[in-house]
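The structure under discussion appears below in the form of structure tokens.
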Amino acid sequence: MGVIGKRVAYYPGCSLEGATRAYDVSTRIVARELGLELDYLEDYNCCGAMESKNVTFMGTLLLNARNMSLARKQGHDVIVAPCNGCSFSLQRAEYFLQTDSKIFERVNSLLKEGGVDLLDKIPETYHILEWFYHEAGPQKVKEKTKRPLRGLKVANYYGCLYTRPHFYARTYSHAGGQSEEARPRRRETADDDEHPYYMNALFEAAGATSVEFEPMHTQ
């Protein structure tokens, strides 16, 4: 436990401050109860997960790079996002900025042109499930559960963008096994791209029973 950090930059994204406001509220409550701190990312912009990624590659990278710059300005090396689309978009940008020096230089020049602080370091983005699992874990969830979910059967739906493509999400490639080679960029925390289990483990720690939901759980 404790490989990500208990205080992180919190990127709620557009939907969590609109149609899925309840998700934002519950995320904050759960984090607080688990002794974790979400530092709201001030003046963030849309990540472009739906609106721009199929229209402008560099534009979408720039949107996410600006959010990363804001996180660095607030003193963070880690961004946590509850939305699958947002975490995917930020992790996708992170991948290209980390692996292509020309793209990194181009994005920084565009940030400068726009009056935004340059990226001195590329923050890593984690999905909220990864953060809860590694910074609190099933044991802490079990300890903090006041009304166990005994008798509740849960079909855990992760969605496709939580684990795939694995080189963006940095999940283990199930086909490659749990080896160093299968773990993109040697990430210390990684769920399985075909058979994720973090959500199952956290719900079961709260007393619920996970039911068989494959292969729908990642579709």
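Side notes on the structure shown:
- Only listed residue being assigned by TED's automatic domain parsing to the domain that holds Gly13, farther than 30 Å from Tyr197 by Cα, modelled with pLDDT of 95 or more and within 18 Å of the chain's Cα centre (by Cα), chosen from Leu63, Leu111: Leu63
- In region 58-91, the residues that are assigned to a loop (DSSP other than H, G, I, E, B) and either in contact with a Phe, Trp or Tyr (Cβ under 7 Å, 6 or more places away or on another chain) or closer than 20 Å to His166 by Cβ (or both): Pro82, Cys83
- Of all residues making up region 19-57, the number that are under 23 Å from Cys160 (Cβ atoms) and outside any loop (DSSP other than H, G, I, E, B): 6
Residue by residue, here is whether (1) aromatic (Phe, Trp, Tyr); (2) at pLDDT 95 or above; (3) under 20 Å from Gly85 (Cβ atoms) holds:
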position: Ile4; (1), (2), (3): no, no, no
position: Ala9; (1), (2), (3): no, yes, yes
position: Leu16; (1), (2), (3): no, no, yes
position: Ala22; (1), (2), (3): no, yes, yes
position: Arg28; (1), (2), (3): no, yes, yes
position: Glu33; (1), (2), (3): no, yes, no
position: Leu36; (1), (2), (3): no, yes, no
position: Asp39; (1), (2), (3): no, yes, no
position: Tyr44; (1), (2), (3): yes, yes, yes
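- Matching residues in region 138-170 - criterion: being at pLDDT 95 or above, crowded, with 18+ Cβ neighbours inside 10 Å and in a helix (DSSP H, G or I): Lys140, Val141
- Count of region 48-70 residues which are closer than 20 Å to Glu113 by Cβ and buried (at least 19 other Cβ atoms within 10 Å of the Cβ): 12
The values are calculated or read from the model by the stated rules, or taken from the named source; none is laboratory data. In this text, all values refer to a predicted model and were calculated from it rather than measured experimentally. So basically every Cβ, Gly included, is an ideal-geometry build from the backbone, and we count neighbours across all protein chains shown.
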